[in-house]
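Trainee: My questions will all concern the structure given below.
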Amino acid sequence: MTPLFYCWARVTPGAGDEGRMKGKHGQVDGELERLVEAVLERLGFELVELEKAGHRSRPILRVRIDRRGSEVGGVTVDECARASRELEPELDEREDLPGGYILEVSSPGVERPLRLRRDFERAVGREIEVRGNESLVGGSKRVEGELLGVEGSEDSERLRLRLANGREVDISLSAVAKANLVFKWDDFDFGKSQEKRA
């Protein structure tokens, strides 16, 4: 069976874990994101998600990547390792990452995060889960359904979803805090997965 998720971790020697990181959990500055995107683009990958976690003295930088324009699960563990090796010298130069940081480079997995408009456009016809900081539909902050399309532009961008009851709803993209594909084991063909390995 083809693995559904790959991860390559690089741990640098460093200090202990005293002190929580300042700022919002998972928050990454734009400059760091642009740096990571530039390195990945050079290698033919795209950044799916970048997250900063852990402690101030021992931060964890989680980088989820995929091949540019590919479907879910498009990278291998060797490609994750290659991306890690290319990112390391660039990240080592940054003052906001102490010498003891941990770098995790992984595939996005089957429930791939959706961040940018292009991510949603590729997911049309798929089941997705959307979460908002405020109510999205009928008082719920969480909505799941088939993505029918992405409409509008700039500030008026919205997702069109078909819910399990057949109802179609529009959700403003600006109201979405987090979104991802929904993987259903019933739809996974183990036979085809085995054939790909042969």
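Trainee: Give me the accessible area of residue 37, 1.4 Å probe, in Å² rounded to the nearest 10.
Mentor: 60 Å²
Trainee: How large is the accessible surface per residue of the range 96-191, computed with a 1.4 Å probe and reported in Å² as a whole number? Intermediate values should be presented prior to the final figure.
Mentor: On the way: 5080 Å² over 96 residues.
Averaged over the residues of the range 96-191, the accessible area is 53 Å².
Trainee: For the range 119-135, in order, what is each residue's ³J(HN,Hα) by Karplus, 6.51 cos²θ - 1.76 cosθ + 1.60 with θ = phi - 60°, in whole Hz (x at glycine and Pro)?
Mentor: 3J(HN,Hα) across the range 119-135, in whole Hz: 5, 5, 4, 5, 8, 4, x, 9, 7, 10, 10, 10, 10, x, 6, 10, 4.
Trainee: Within the range 143-182, which residues have the backbone N less than 14 Å from the label spot 7 Å out from residue 121 along Cα→beta-carbon, could you tell me?
Mentor: The answer is 149-154, 157-158.
Trainee: Multiplying the sequence separation of residue 165 and residue 144 by 0.36 nm and subtracting their Cα-Cα distance, what value in nm do you get? Kindly include the intermediate steps, with their values, before the conclusion.
Mentor: On the way: separation 21, 0.36 × 21 = 7.56 nm, distance 1.09 nm.
Between residue 165 and residue 144, full extension yields 6.5 nm more.
The values are calculated or read from the model by the stated rules, or taken from the named source; none is laboratory data. Small disclaimer: the values here were computed from a predicted structure and weren't measured. With ideal geometry, Cβ positions are generated from the backbone for all residues, glycine too; neighbour counts draw on all protein chains shown. Just the protein is used for accessible areas: all its heavy atoms, side chains included, with ligands, DNA and RNA removed. Shrake-Rupley method; radii C 1.70, N 1.55, O 1.52, S 1.80 Å.
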